Amino acid sequence: MASTGLSAMFGPATFCAVTGGSRGLGRSIAVQLAGRLGEGSRLVLTGRSLQGLQETKRQVEEGCPNQLEVKLVTGDMEDTTAYPALFFDIFADTQPGDFKNALMIHNAGTVGDVSKRAAEHSDPQILNKYYATNLTSVIALTAKFMEVFPCSDVRRTVVNISSGAAIEPLAHHALYCSGKAARNMFFKVMAEEEPDVRVLSYSPGPLDTDMLQTVRSCGDKKIEDRFNAMESKGLILSPDHSAKHMCTLLDEDKFKSGAFLDVFDRFSL
Amino acid sequence: MAAADMKVATFCVVTGASKGLGQAVAINLAETVGDGSLIVITARGEDGLNETKKKIESVAPHVTVKIVAGDIAGPYSDELHKRICDVPSPGSFKHAMIIHNAGSLGDVSKLTSELSDPKVITDYYQLNVSSVLCLNSQFFSATESIVRRTVVNITSLCALQPFKSWGLYCGGKAARDMIFKVLAQEQPAVRVLSYAPGPLQTEMVEEAAKKTADPDIRAFFVGLSKNRTALDPDVSTKKMVKLLQDNKFESGSHIDFYD
């Protein structure tokens, strides 16, 4: 039974990697994408929790009508020395010609220590680890993706899971905001350099996930009030809803490469 | 907002002050501040710092200059940051300033898809982003009792616009602009400016002209170099000083020489 809405982005023989696939948005993205991947496709999920990844795999296989190869790779993006082994595992057994499409979803991310204001970040080890997880890993993994899929005969797409925080400064969130700002800009540069690659920075909106709980407890009253107000207005989304919207954007394939789009269509570019 | 009286006793830190823009900033600020001021100039190049100090002393003898040589992103950065931000008798200063100028271009010979070495990327962000946060944090604790504080982030058009081959640099500048926007929001009493100096006649531009992988971007910098149309760092610095003196900018904003 073929999925509806098969496009050149998905469809048969698609390689898809999703980082941070053990819970939250990453899990939802995996489940939503899986339903759209055709025969001969492979979904690779990375994350720190094997248990979480296994649960995601179970949900993927439950909802997915096609035979889909799902591979799990556990690892921590904080540890740059582990990247070679981790990246090798993600792309292992990928022969040229195996896939017609390749999709890389950079979803893994952390919010950092939100108890600290910008002028209180004083530990270089903590900062280096933060940027390793949220910035270095994304850059190096993208380079590996491009090395594995170097030619335009494979339709390549890279998605940067971003945030409104990439363009709006939030108190207590200097690390998160700056990491997202850097990623958005980095992917704009990539979009200019690689006209054959579809590059999208997607802001999923405020989601009902573990990350939101951390953000809401950062100690800044304005932020707490803001999210409380959003919640009472029903504006906190389910990650499934946001993941669906992202898939629609990819499916329609109308976005300008390098664009920054969000679930509410509030801003572009 | 009232104009800022900069002719007061100021504690001032300038990073990357051994050459180029940093040197010009240190000299111009020394001429601008009042008696009893202390300017701390830091960089890796001690020879360059000595030269900067000589130049400051010849135009601003009323200012004390302290040299702190070292790598702000190196393994002993914690100790270095403390030395840089060591404020003798804080009560004697009316104003504290830090100019986060030190920075690097990164490997512009590589496109984003070629940035496969995590060490290169981590080292880059350690110097251009993390160490800035750490030094800034040290500055803030050391100057807590000084009522008036100004923080300048030397940024670039690259914070706002993508430049092919310059993925690391653009990302770094975008991250910094955002850090300082958050800082401005959290610390309304502190004047925070992200200043983009324009393309300057410095070693960084020479490096850009030599190493940039993308032919269009490289041609632009080669042209600047050949035609001597890059800006004199001194000219750009004077504009920055005027912005600080006029004091009309919105804290956290990004202002370019050409604005």
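Peptide B:157-165 shows a mean partner chain C-beta count of 4 within 10 Å per residue C-beta.
For the pair residue A:231 and residue A:49, label points projected 7 Å from Cα toward Cβ lie 2.0 nm apart.
Taking all protein chains as shown and a probe of 1.4 angstrom, residue A:48 keeps an accessible surface of around 150 Å². What helices in chain B pass both tests, a Cα length along the helix axis of 18 Å or more and a mean Kyte hydropathy of -0.5 or higher, using whole DSSP H runs? Span-like helices in chain B: B:20-32, B:167-186. If R0 is 30 Å, the Cβ-Cβ spacing of residue A:62 and residue A:213 corresponds to a FRET efficiency of close to 0.70. When the accessible areas of A alone and B alone are added and the area of the pair subtracted, with a 1.4 Å probe, the result is around 3300 Å², both sides summed. In the complete set of protein chains, residue-level accessible area for residue A:230 is approximately 40 Å², probe 1.4 angstrom.
Taking the 1.4 Å solvent-accessible surface of the protein assembly as shown as the whole, the part contributed by carbon and sulfur is 51%.
Multiply the residue gap between residue B:67 and residue B:109 by 0.36 nm, knock off their C-alpha separation, and tell me the result in nm, one decimal place.
Gain in length upon complete extension: 11.8 nm.
Here the range B:10-51 is scanned for amide nitrogen atoms under 17 Å from the site 7 Å beyond the Cα of residue B:92 along Cα-to-Cβ, giving B:10-13, B:33-41. Each residue, residue B:2 and residue B:229, gets one label point 7 Å from its Cα in the Cβ direction; the gap between the two is 4.4 nm. The residues of the range A:72-136 expose, per residue, 43 Å² of accessible area to a 1.4 Å probe. Could you give the nm distance between label points at residue B:57 and residue A:241, where each point is 7 Å from its Cα heading toward the beta carbon? My value for the distance between the label points is 6.8 nm.
The mean count of C-beta atoms from other chains within 10 Å of the C-beta of residues in A:123-129, rounded to a whole number, is 6. Checked against a 31 Å cut-off, the cross-linked pairs A:222/A:256; A:188/B:119; A:116/B:110; B:53/B:119; A:180/B:226 give Cα-Cα distances beyond that limit for A:222/A:256; A:116/B:110; B:53/B:119; A:180/B:226.
Counting only protein heavy atoms and using a 1.4 Å probe, the accessible area of residue A:211 comes to about 70 Å². Averaging the Cα positions of each part gives two centres, and for the range A:175-211 and the range B:102-121 these lie 18 Å apart.
Over chain A, DSSP H runs of length four or greater, each weighted -39,500 (n - 2.57), average out per residue to a 222 nm ellipticity of -12500 deg cm²/dmol. Look at the stretch A:191-198: the mean tally of other chain Cβ atoms within 10 Å of its residues' Cβ atoms is 4.
Put simply, when B:168-175, B:2-9, A:106-113 are sorted by average Cβ atoms within 10 angstrom per residue, most first, you get B:168-175, A:106-113, B:2-9.
Using the rule -39500 (n - 2.57) for each DSSP H run of four or more residues, divided by the residues of chain B, the 222 nm mean residue ellipticity is -13500 deg cm²/dmol.
The values are calculated or read from the model by the stated rules, or taken from the named source; none is laboratory data. These numbers were taken from a predicted model, which means no experiment stands behind them. FYI the Cβ positions are ideal-geometry reconstructions off the backbone, even for glycines, and counts take in every protein chain you see. In case anyone asks, the SASA skips ligands and DNA or RNA and just uses the protein heavy atoms, side chains included. Shrake-Rupley method; radii C 1.70, N 1.55, O 1.52, S 1.80 Å.
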